[in-house]
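What follows draws every value from the coordinates through simple rules; no lab data is involved. All values derive from a computational prediction rather than experimental measurement. Note: ideal-geometry Cβ built from the backbone for every residue, glycine included; neighbour counts use all protein chains shown.
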There are 2 protein chains.
Amino acid sequence: MSTVAMFAAGEERWAQYERPLRDAFAEKRLEVELTRAPGDPAEVDYMIFAPGGPLTDFTPFTGLKAVLNLWAGVEDIVDNETLRVPLARMVDEGLTEGMVEWVTGHVLRHHLGMDAQICRQDGVWRHNVPPLARDRAVGILGLGALGQACAAALAALNFRVGGWSRSPKAFDGITSHHGEDGLAELLADSDILVLLLPLTPQTENLLDAQRLALMPEGAVLINPGRGQLIDDDALLAALDRGHLGHATLDVFREEPLPAAHPFWAHPRVTVTPHIASETRPMSAARLIAENIRRGEAGEPFLHLVDRARGY
Amino acid sequence: MSTVAMFAAGEERWAQYERPLRDAFAEKRLEVELTRAPGDPAEVDYMIFAPGGPLTDFTPFTGLKAVLNLWAGVEDIVDNETLRVPLARMVDEGLTEGMVEWVTGHVLRHHLGMDAQICRQDGVWRHNVPPLARDRAVGILGLGALGQACAAALAALNFRVGGWSRSPKAFDGITSHHGEDGLAELLADSDILVLLLPLTPQTENLLDAQRLALMPEGAVLINPGRGQLIDDDALLAALDRGHLGHATLDVFREEPLPAAHPFWAHPRVTVTPHIASETRPMSAARLIAENIRRGEAGEPFLHLVDRARGY
């Protein structure tokens, strides 16, 4: 009897993932019956899940061994009380690489002051040499897989990198902070701040008026994490009065960002359309296959979510 | 009798370098008499040189042991026939770091397609995810200290990096090419091309119409090397007909770039005002002091120029 994996994500995802998943199962010589509509819910062993589909009640899936999330963020499923089996997050190499590229690129853009040269050339030669990265402080909120990878890439370019996480963590080349006091310290010492926290009740609106006010005059905020980490009105107010120099945002409370949203037209805001990090089907499918192999072999799953913590 | 070092560069440089040089000599416990106007040219041991000053005839300096250039580029002095002593180039850490930051930043900018998001926001959400760096080919012409450092930084970000130099060289993580055939191969395989060659009779106008035509449709040219490496008219023609997608230029045949030059207003050209790499006085002064120490101790000078080769 083969293993049954149900694909519970939208139509568009099926078109993207069916082939890579079948290829990844074949690579690992797994006999998996991949289906979107199982005959009997009790026969489903693994659920491959992305938010936005019709599935919200896991109760009928009485034989379920694990839910394997296609996304890194699990805020849409982690509080689902009908889910009583292990939940694994996506940690996709392509996702990490894309994030490192986007974050490093935008940090360097602000560090070098590129915007004036890209958009507002007037024929005047202004020989303003930017400081070296070693004299530029970059703060990273969130030191999970993505935050660590970005911190390492920026430290390799000689940026003075500080990181903050809920609990104490230590990494080479990075000054680590934790707790409320540590957050205040890091905010006050970040010329450029990058948000890579998961969305939890504790991190929602973390960047409110009070904490934004702790940042240095002219500091830049970069958010490729989750839109809800920032109080949008407080951010707009801080930009309007010139306390913050710029915000580069890839994620928003509502996506696509509505055309009438003030972020689009604000001269100190750059909107990018949630492109910093995107799961790549083939590498994601390989992780799903690996977790199914582990489940069937009785080995521990990779990237399990701590549901009490929320990520 | 103390060692005499003559500072032969413009007034502005003296203001920048006098203090750092005196500090660097003190750090190394060197007794150096630093002067701009020696009593007797025959008593000068070392010449600290930058182009643009009045000194063009080295004949009176009969006791000279070496000329220590404040700049990386030596094209203004290397062919001076009155110079018959060793000539050392500047290889400044700050200079290399600044170059790596500028090159990595502009490569990522073009890789991620930032310009549309920075300058032309219209409220339309275009979810075009850029490819990963591993699927982007970057070519680097010139594998000296700066080219190697940039290639290593880009390879660390997973870019597919190819390099070209006059003579064969091999480095980890980089595909190396050399000679005329190697140049044609690399040009044809570079989505983004970075020029870091020295200026010599062989490299002047290297990027002419014929070689630009070898680059892929839509490729990007980045020049932080020397303005004379490119045939400007051929570049403008390639941009105008859309064969090249963009040129980001930090160096020019005439600097400051004249306000009327077509590069300023061209929609496919970004001008930056020679900021990619700038000698930092303190680290540069330390290298000058180290070379004087070596000269006095009878040790070989660092970063000697091969005057037949021209760099």
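What ³J(HN,Hα) values, in whole Hz, does the Karplus curve 6.51 cos²θ - 1.76 cosθ + 1.60 give for segment B:197-209 when θ = phi - 60°, with x put for Gly and Pro?
Coupling constants for segment B:197-209: 8, x, 8, 9, x, 6, 9, 4, 6, 4, 8, 9, 4 Hz.
For segment A:298-311, just list the computed ³J(HN,Hα) in residue order, Karplus coefficients 6.51, -1.76 and 1.60, θ = phi - 60°, integers in Hz, with x standing in for Gly and Pro.
These are the phi-based 3J(HN,Hα) values: x, 8, x, 5, 7, 6, 5, 7, 8, 6, 5, 6, x, 7 Hz.
Just how large is the dipole of the protein assembly as shown about the Cα centre, in debye to the nearest 20, putting +1 at every Lys and Arg Cβ and -1 at every Asp and Glu Cβ? Walk me through the numbers before you get to the answer.
Numbers: 56 positive and 86 negative charges, 118 e Å.
With only Lys, Arg, Asp and Glu charged at Cβ, the dipole is about 560 debye.
Using helices alone, what [θ] at 222 nm do you get for chain B, with -39,500 (n - 2.57) per DSSP H run of 4 or more residues, divided over all residues and rounded to the nearest 500? The partial results should precede the final answer.
Values: 9 runs with 99 residues, N = 311.
The helix contribution divided over chain B gives -9500 deg cm²/dmol.
I'd like to compare B:183-192, B:15-24: which one has the highest average count of other Cβ atoms within 10 Å, and what's the full order after that?
B:183-192, B:15-24
In whole Å, largest first, what are the principal axis extents of the Cα atoms in segment A:79-158?
The Cα atoms of segment A:79-158 stretch 64, 26, 21 Å along the principal axes, largest first.
Could you identify the residue of B sitting closest to the B-A rotation axis by Cβ and state that distance rounded to whole angstrom?
B:Cys119, 2
Place +1 on the Cβ of every Lys and Arg and -1 on the Cβ of every Asp and Glu in segment B:197-244, take the dipole about the Cα centre, and give the residue among B:Leu214, B:Leu197, B:His243 whose Cα lies farthest towards its positive end.
Among B:Leu214, B:Leu197, B:His243, the one farthest towards the positive end of the dipole of segment B:197-244 is B:Leu197.
If we count other beta carbons within 10 Å of each Cβ, what is the order of B:Asp92, B:Asp208, B:Asp306, fewest first?
On the way: B:Asp92 26, B:Asp208 14, B:Asp306 9.
The most exposed by this proxy come first: B:Asp306, B:Asp208, B:Asp92.
Using Cβ contacts closer than 10 Å as the measure, can you line up B:Val271, B:Val129, A:Val107 from fewest to most?
Numbers: B:Val271 21, B:Val129 14, A:Val107 28.
Listing B:Val271, B:Val129, A:Val107 from fewest to most nearby Cβ atoms yields B:Val129, B:Val271, A:Val107.
Using a label point 7 angstrom from Cα along Cα-to-C-beta, what distances in nm, from shortest up, separate B:Gly179 from the other copies?
Reported distances to equivalent positions: 6.6 nm.
Where the label is 7 Å out from Cα toward Cβ, how close does A:Asp306 come to the same position in every other copy, in nm, shortest first?
For A:Asp306, the other copies' label points sit at 5.8 nm, shortest first.
Straight distance only, please: which lysines reach the Cα of B:Lys65 with their own Cα at less than 29 Å, same-chain residues fewer than 8 apart left out?
Within the straight-line cut-off, B:Lys65 pairs with B:Lys28.
Place the label 7 angstrom along Cα→C-beta at B:Thr62 and in each other copy, then list the distances from the first to the rest in nm, shortest first.
When each copy's label point is compared with this one, the spacings are 10.8 nm.
For chain A, what value does the Rg/Rh ratio take when both radii are computed over Cα atoms and Rh is the Kirkwood radius, given to two decimals?
On the way: Rg = 21.5 Å, Rh = 21.1 Å.
Dividing the radius of gyration by the Kirkwood radius yields 1.02.
5 Å is the cut-off here: which amide hydrogens, built 1.01 Å from N in the peptide plane, fall below it relative to B:Arg36, excluding neighbours closer than 5 in sequence?
Sorted by chain and number, the residues that satisfy this are B:Phe7.
Any idea what the alpha-carbon Rg over 2.2 N^0.38 Å comes to for segment A:191-255? Intermediate values should be presented prior to the final figure.
Working: Rg = 10.8 Å, N = 65, 2.2 N^0.38 = 10.7 Å.
This ratio for segment A:191-255 stands at 1.00.
For the protein assembly as shown, count all C-alpha to C-alpha pairs, find those more than 50 Å apart, and express that count as a whole percent of the total.
Of all Cα-Cα distances in the protein assembly as shown, 21 percent exceed 50 Å.
Any idea how far the Cα center of segment B:8-43 sits from the one of segment B:280-294, in Å?
If we compute the Cα centre of each part, the gap is 11 Å.
Under the rule of at least 5 residues apart or a separate chain, name every residue whose amide H is placed under 5 Å from the amide H of A:Gly163.
Under 5 Å from the amide H of A:Gly163: A:Ile140, A:Thr175, A:Ser176, A:His177.
Report the Stokes-Einstein translational diffusion coefficient (µm² s⁻¹, integer) for segment A:135-191, Rh taken as the Kirkwood radius over Cα pairs, at 10 °C with viscosity 1.306 mPa s.
Diffusion coefficient, whole number: 146 µm²/s.
For a footprinting-style exposure proxy, rank A:Thr96, B:Thr203 by other Cβ within 10 Å, fewest first. Mind dumping the intermediate values first?
Details: A:Thr96 18, B:Thr203 21.
So the ranking, lowest neighbour count to highest, is A:Thr96, B:Thr203.
How crowded by other chains is B:267-275, given as the mean number of beta carbons from other chains within 10 Å of each beta carbon?
Mean number of neighbouring Cβ atoms from other chains: 4.
Using amide H atoms built 1.01 Å from N in the peptide plane, name the residues 5+ places from B:Val4, or on other chains, whose amide H lies under 5 Å from its own.
B:Glu33, B:Asp45, B:Tyr46
Students often get this wrong: which residues of segment B:270-311 have the backbone nitrogen under 18 Å from the point 7 angstrom along Cα-to-C-beta of B:Glu204?
Counting backbone N atoms under 18 Å from the label point, the list is B:307-311.
Per residue of B:249-256, how many C-beta atoms from partner chains lie within 10 Å of its own C-beta, taken as a mean?
If you average over the peptide's residues, the count of other-chain Cβ atoms is 1.
Report, as an integer, the average count of C-beta atoms from other chains found within 10 Å of each Cβ along A:157-167.
1
Give the span of segment B:205-311's Cα atoms along each principal axis, as three whole-Å numbers ordered largest to smallest.
Principal extents (largest minus smallest coordinate, Cα): 59, 28, 20 Å.
Cysteines of the protein assembly as shown lacking any other cysteine beta carbon under 4.7 Å?
Within the protein assembly as shown, the cysteines lacking a partner Cβ under 4.7 Å are A:Cys150, B:Cys150.
How large is ³J(HN,Hα) for each residue in segment B:236-243, as worked out from phi by the Karplus curve 6.51 cos²θ - 1.76 cosθ + 1.60 (θ = phi - 60°), to whole Hz, x for Gly and Pro?
So the J values, rounded to whole Hz, are 4, 5, 5, 6, 4, 8, x, 5.
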